[in-house]
Amino acid sequence: MPGRSGLDVLGDMKRLRPQLPILILSMHPEDQYGKRVLQAGASGYLKKESAPEELIRAIRTVLGGGWYVSPFLADRRALLG
């Protein structure tokens, strides 16, 4: 996105529609960017290279009111707190 980061757009969306579930699909490494977008209000984070089945699972989870992170990010968060 020229001129704006995904975090900027996420912030705008959460200000306009705070209850809207947002799943971030990104090329950035999970361990560097995933935690930041979740702290900024996203309901989930997934890398663009993820398998289609994982994307479907993530969409269903977020639309159902849950939070979605990949198994990699979930393990890392558990380890780092």
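The listed residues are 58, 42, and the only one of them that is open to solvent by less than 80 Å² (accessible area, probe 1.4 Å) and in a helix (DSSP H, G or I) turns out to be 58. If the condition is being part of a helix (DSSP H, G or I) and closer than 14 Å to residue 24 by Cβ, then segment 61-70 contributes 61, 62. Screening residue 65 with (1) small (Gly, Ala, Ser); (2) in contact (Cβ under 8 Å) with a residue 40 or more places away in the chain; (3) open to solvent by less than 50 Å² (accessible area, probe 1.4 Å) gives one miss only, at (3). Within segment 8-23, at least one residue is in contact with a Gly (Cβ under 9 Å, 6 or more places away or on another chain), at pLDDT 90 or above and part of a strand (DSSP E or B). Just wondering, is there one or more residues in segment 71-80 that are over 13 Å from the mean Cα position of the chain (by Cα), surrounded by 10 or more Cβ atoms within 10 Å (Cβ to Cβ), assigned to a helix (DSSP H, G or I) and at pLDDT 95 or above? No, because not a single residue in segment 71-80 is over 13 Å from the mean Cα position of the chain (by Cα), surrounded by 10 or more Cβ atoms within 10 Å (Cβ to Cβ), assigned to a helix (DSSP H, G or I) and at pLDDT 95 or above. Taking the stated definitions as given, is residue 30 open to solvent by less than 40 Å² (accessible area, probe 1.4 Å) and in contact with a helix residue (DSSP H, G or I) (Cβ under 6 Å, 6 or more places away or on another chain)? Considered against the rule, which asks whether it is open to solvent by less than 40 Å² (accessible area, probe 1.4 Å) and in contact with a helix residue (DSSP H, G or I) (Cβ under 6 Å, 6 or more places away or on another chain), residue 30 comes out as yes.
The values are calculated or read from the model by the stated rules, or taken from the named source; none is laboratory data. All figures in this text were calculated on a predicted structure; none of them were measured in a lab. Note: ideal-geometry Cβ built from the backbone for every residue, glycine included; neighbour counts use all protein chains shown. To get the accessible areas, we keep the full protein, side chains included, count just its heavy atoms, and leave off ligands, DNA and RNA. Shrake-Rupley method; radii C 1.70, N 1.55, O 1.52, S 1.80 Å.
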